Amino acid sequence: MKRVLLLWHQSEPIGICVFCTPALSLRPRNRFFGLNGKRTRLFGRCLNEQLVTLSRVVLHPKYRGAGLSSAFVRCCCELSGSPWIETLAEMGHINPFFERAGFVRVGNAGNCSGSRTGHTGIYGVRGKRLISRESHRKSQYATPVYYVFDNRASVPCEIFRS
């Protein structure tokens, strides 16, 4: 994890955004940024300096539908300190939540259902699968939408500061 930001209502945490380091390679990112070539240690270091992945957004159910989520995500992205933020969302096919927060829809990440371990092979360590077969089965045909947020010219928001 690189950064975790919380949204508070008085003394109660009601929302969270989790930012983490990006995967070394992702097809839609490579196309969007024109990346190609060998992934070296220097490449990884540069990638980590320029990009973070918004990996999780959660808002307490009591506060959903109030219009807070997209403003909260946008503010968190602006406060992330990273020039570029990326995220993947299967729900992007149905709900334009990230687009309302200022992300640009780039395309689908596709799936790896033809491989032996499928897309979830990245969650294994030395041949050991870290997720259940059921989780693998449910998500093996997922094609999440890839989004990018350009944060290079952002001035951190003031909407959630008191």
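The values are calculated or read from the model by the stated rules, or taken from the named source; none is laboratory data. This one's a predicted model, so the numbers in the text were calculated from it and none came from an experiment. Cβ atoms come from the backbone with ideal geometry, glycine included; neighbour counts cover every protein chain shown.
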Which of the residues that make up the range 86-108 are assigned to a helix (DSSP H, G or I), surrounded by 14 or more Cβ atoms within 10 Å (Cβ to Cβ) and of a type in the set (Asp, Glu)? Glu99
List pairs: first residue in the range 42-53 and within 14 Å of Trp84 (Cα to Cα), second residue of a type in the set (Val, Ile, Thr) and surrounded by 14 or more Cβ atoms within 10 Å (Cβ to Cβ) anywhere in the structure, Cβ distance under 8 angstrom, at least six positions apart or on different chains. Asn48/Thr21; Leu51/Ile85; Val52/Thr21; Val52/Ile85; Thr53/Thr21; Thr53/Ile85; Thr53/Thr87
Which condition breaks for Ser55 when tested against (1) at pLDDT below 90; (2) not in a loop (DSSP other than H, G, I, E, B)? (1)
Among Pro22, Pro96, the single one that is under 25 Å from Gln140 (Cβ atoms) and modelled with pLDDT under 95 is Pro22
Within the range 69-85, tally of residues that are in contact with a Lys or Arg (Cβ under 7 Å, 6 or more places away or on another chain) and buried (at least 21 other Cβ atoms within 10 Å of the Cβ): 1
Between a residue in the range 10-34 that is surrounded by fewer than 16 Cβ atoms within 10 Å (Cβ to Cβ) and any residue that is at pLDDT below 90 and of a type in the set (D, E, K, R), which pairs come within a Cβ distance under 8 Å, given they are 6 or more apart or on different chains? Cys20/Lys2; Thr21/Lys2; Leu24/Arg39; Ser25/Arg39
Failed condition for Ala109, given (1) within 27 Å of Arg137 (Cβ to Cβ); (2) at pLDDT 90 or above, with all others met? (2)
Can Ser70 be described as out of contact with any Gly (no Cβ under 7 Å at 6 or more places or on another chain), modelled with pLDDT of 90 or more and not in a helix (DSSP H, G or I)? no
